[in-house]
């Protein structure tokens, strides 16, 4: 994770503490970074921007390849936990997509039913969340067919 954080720090230096994304475009490097971070987090556009190389983000430049889902889980832990429990939401949709799962109802309902296996306790690390989510999806033939990551 040290490499990913180092890359993120270099990225933040170019765009402000909130990093790249719509917030960086709207607020700039010297603008209100709290507002920029909030804007970046809205509808997971920063993750999309990093993945696609848009909105001042270099594709795969801010997060080490293969660590996108872990970084997403870490940055959005509380919201992701709530949305897994609810079985819906933009953070759950983004997280599932980063793990190669189609954003489909069976994936969301399976995650909801298995929330206690995904978020075992309050000390479940982001990498454990990723591994647990993958294991839950792989254990069911219907969701395994919808996840390709």
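The values are calculated or read from the model by the stated rules, or taken from the named source; none is laboratory data. All values reported here derive from a predicted model rather than from experimental measurement. Cβ coordinates were reconstructed from backbone atoms using ideal geometry, including for glycine residues, and neighbour counts include every protein chain displayed.
Here 131, 116, 142 are screened, and the one residue that is under 16 Å from residue 70 (Cα atoms), without any contact (Cβ under 8 Å) to a residue 40 or more places away in the chain and outside any loop (DSSP other than H, G, I, E, B) is 131.
When segment 135-149 is examined, which residues are found to be under 19 Å from the mean Cα position of the chain (by Cα) and within 14 Å of residue 113 (Cα to Cα)? Walk me through it before giving the result.
Let us first name the residues in segment 135-149 that are under 19 Å from the mean Cα position of the chain (by Cα), namely 135-137, 146-149.
Answer for segment 135-149, where residues must be under 19 Å from the mean Cα position of the chain (by Cα) and within 14 Å of residue 113 (Cα to Cα): 135, 136, 137.
Return yes or no: is residue 79 modelled with pLDDT of 90 or more, more than 21 Å from residue 143 (Cβ to Cβ) and assigned to a helix (DSSP H, G or I)? Walk me through it before giving the result.
Numbers: modelled with pLDDT of 90 or more: yes; more than 21 Å from residue 143 (Cβ to Cβ): yes; assigned to a helix (DSSP H, G or I): yes.
Judged against the criteria, residue 79 is a match.
The set of residues in segment 98-113 that are at pLDDT 90 or above and assigned to a helix (DSSP H, G or I) comprises 105, 106, 107, 108, 109, 110, 111, 112, 113.
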